[in-house]
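Just so you know, all these numbers are worked out from the coordinates, no wet-lab data involved. All values reported here derive from a predicted model rather than from experimental measurement. As a convention, Cβ positions derive from the backbone with ideal geometry for all residues, glycine included, and neighbour counts pool all protein chains shown.
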Amino acid sequence: MALVPYALARPVLFGMDPEAAHELTLHRMAKLQNTPAQILWSQPRVADPVTVAGLKFPNRVGLAAGLDKNGRCIDGLGAMGFGFIEVGTVTPKPQPGNPKPRIFRLPQQNALINRLGFNNEGLDAFLANVQRATSFRQAGGVLGLNIGKNAATPIENAVDDYLIGLAGVYPHADYVTVNISSPNTKNLRALQSDEALDALLGALVQRKQALAAEHGKTVPMFLKIAPDLNGDQIRVIAATLQKHGVDGVIATNTTLSREAVQGLEHADEAGGLSGAPVLAPSNVVIRALRSELGSAFPIIGAGGVLSGADAQTKIAAGADLVQVYTGLIYRGSALVPEVAKALAKA
């Protein structure tokens, strides 16, 4: 259990602008990680080892990409008991993202809306941060690096950005995630369509094979998809993943739907909705993917996990591993061992 209960910190953080609270938390964690002060939030890791995509995960609960876009706090976040952590999304060049304000809380539904837009310091700064992180991986933690395209890059040239990102992160990643499902970069989700996805994955898998030979190691590659997909779209994505031999899929990113939050303050803000309202639609996608992909294909379930019971629904739907993000904002670090214990029992 963390030395300082989140119940004491949450009212202070929720009294601040959401992005300011987020940045303050990451700034302080970056300063205090790997120091004696880390005891303030450190927790023992629940042991529930599992092998997925050839990787040995200490347990089945991970941190989703987006919380630590620049990879500043890998060791600090890892001290909460995660089995794996995913950082990014990183783009080849630094970019500020969309204008502020761009994060909104919907506490009545344990939800957030964000339209950050891949704000990050760029690939070089990201890799420098990743290389400084040591203790999490030394303790057996698995690190995923999430790549995307710059907003200024035309969608017809998107493959170029992903190839740059893949080459940059490959030597430093335990797995790489290709993010084509953020709703906050113009036209990005168009890459989920059949022809565009086929071209993107074909190019990435070819480069991945060359990188494996160059670096003498094989790094699994996952694709992160949206919850706002119909059955036909899911079937196309599943078939394309199998065609190109992609190693796994992360389901899902945030949703554009506002059905669950209609009438609430901030519900009409543009951006992706995360948190409790995404649990059910994300599970529908997971269930459909499992049906299409068979029992052995690696699936990471993300979206709407605010309890151990929520996480168990992802496993029941067909996920092998589970990621959290918005649940951490509302529940604090106690969510991590709760989920890990629930999945170990499952």
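Ranked highest first by the average count of other Cβ atoms within 10 Å around their residues, in what order do 37-48, 295-306, 334-345 fall?
Most protected by this proxy first, the peptides run 295-306, 334-345, 37-48.
What is the Cα centroid distance between the stretch 255-269 and the stretch 1-78, reported in whole angstrom?
After rounding, the separation between the Cα centres reads 28 Å.
Please identify the DSSP H helices in the chain that span no less than 30 Å along the helix axis (Cα) and have a mean Kyte-Doolittle hydropathy of -0.5 or more. Could you put the intermediate results ahead of the total?
Values: long enough: 194-215 (31 Å, 0.05).
Helices passing the filter in the chain: 194-215.
Decide, for the stretch 124-177, between rounded, prolate and oblate: order the square roots of the alpha carbon gyration tensor eigenvalues as a ≥ b ≥ c, take rounded if a/c falls under 1.5, and otherwise choose prolate if a/b is larger than b/c, else oblate.
Note, shape of the stretch 124-177 comes out prolate.
Can you work out the PRE-style zone for LYS345? Point 7 Å along Cα to Cβ, and I want the residues of the stretch 75-113 with backbone N under 20 Å.
Only 81-83 pass the distance filter.
Given [x] 19.8; [y] 21.7; [z] 23.7, which label gives Kirkwood radius over Cα pairs in Å as computed from the coordinates?
Answer label, from the structure shown: [x].
For labels at SER291 and VAL12 in the simple 7 Å Cα→Cβ model, what's the distance in nm?
About 4.9 nm separates the two model spin labels.
Could you please state, rounded to a whole Å, how far the C-alpha centre of the stretch 118-153 is from the C-alpha centre of the stretch 273-295?
The stretch 118-153 and the stretch 273-295 have Cα centres separated by 26 Å.
Report, for the chain, the % of DSSP beta bridges that are antiparallel, rounded to 5.
Within the chain, antiparallel bridges account for around 30 percent of the total.
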